Each structure stands twice: as C-alpha cells, then as structure tokens.
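We did not get these values from a lab; they are worked out from the coordinates using the rules stated. Owing to the predicted nature of the structure, the values given are computational and were not obtained by experimental measurement. Counting neighbours? That spans all protein chains shown, and the Cβs are built from the backbone with ideal geometry, glycine included.
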Amino acid sequence: MTFAQTAHVEPTPVRAWWPAMKLGFHGICPACGEGKIFRAFLKVNDCCPCCGEELHHHRADDAPPYFTILVVAHIVGAAMLFVEQHNDTLDIWIHILLWPSVTLALTFWLLPKFKGALVAYQWALRMHGFETVPPKTAHAARAP
C-alpha cells in the first residue's frame, strides 16, 4: 500500500462567508444562527451559549475600529458638507453639539456590528484557530 491509498482526508465542508457575516453583523452566532456572539459590548463569548461553537479564536485586533472610522468619517463628513452647503442659518453652537454627537452615536452603534461581522468572517473562512475546531452538535454545550 502506498501513502496515497492509506491517507484519506475528508474535505472540510465549505462555510458560506456572506450569510455568516450577516449573522455576525447582527451579533448572532454564525454556526447556529441563534446564540449571541457578545457577552458584553465588545467582549466575544468564549463559546456560543446555544450550540457550543468556540468563538474565542477570533483575532479582530484593529480592523473593526478601522472600518468604523472609515464609514463614520465618510457619513459625518458628507453630512457636514451637505448641511453647510444647503443651510446657512445654523449657528456654530449647533454644529458644535450636533456633529460630535452624531459621530459618537454612529461609532458606538457600528463598532460591535463590524466586530461581529469580522469574527463571523474568520469563522466562515476557518481562520486563526477556527480551522482546527471540530464541528459541534446542537446540544454539546449543554452537556455537564
């Protein structure tokens, strides 16, 4: 027998990255579509509370803040220019209160969404430790 005859490796099933990212964007586990990714504002659960899928392998690092800054800066910058161009009557104090508030609100709303999408993307592509995790059954996490 040769090595090719004895070493049969099962191909890993392909995970669709777009549906996983949509679930992650909404803070839902990409494996089961039911559990929550986060246990706190930006703290990722070690594993899904519903299906037991391990999520602690993620390496989000600086990507979610980068994407958040990119999107928020474009939205707020365009809005500032639009308002300034089409409305000359706004006092400066309104601008001083409005734009930092909009910036903070958008940032705190989008940051966990981008982080969840990135964690789900890494899960779907089996990156950073997700490739070695065996598939879990739906009740594996609930066993004592």
Burial ordering of L81, L55, L42, fewest other beta-carbon atoms within 10 Å first: L81, L42, L55
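Below 8 Å between Cα atoms, with a sequence gap of 6+, how large is the relative contact order for the stretch 16-124 in percent?
Numbers: 130 pairs, mean separation 48.9, N = 109.
Contact order relative to length: 45 percent.
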Estimated FRET transfer efficiency when R0 is 41 angstrom, pair M80-A16 (beta carbons, to 0.05): 0.60
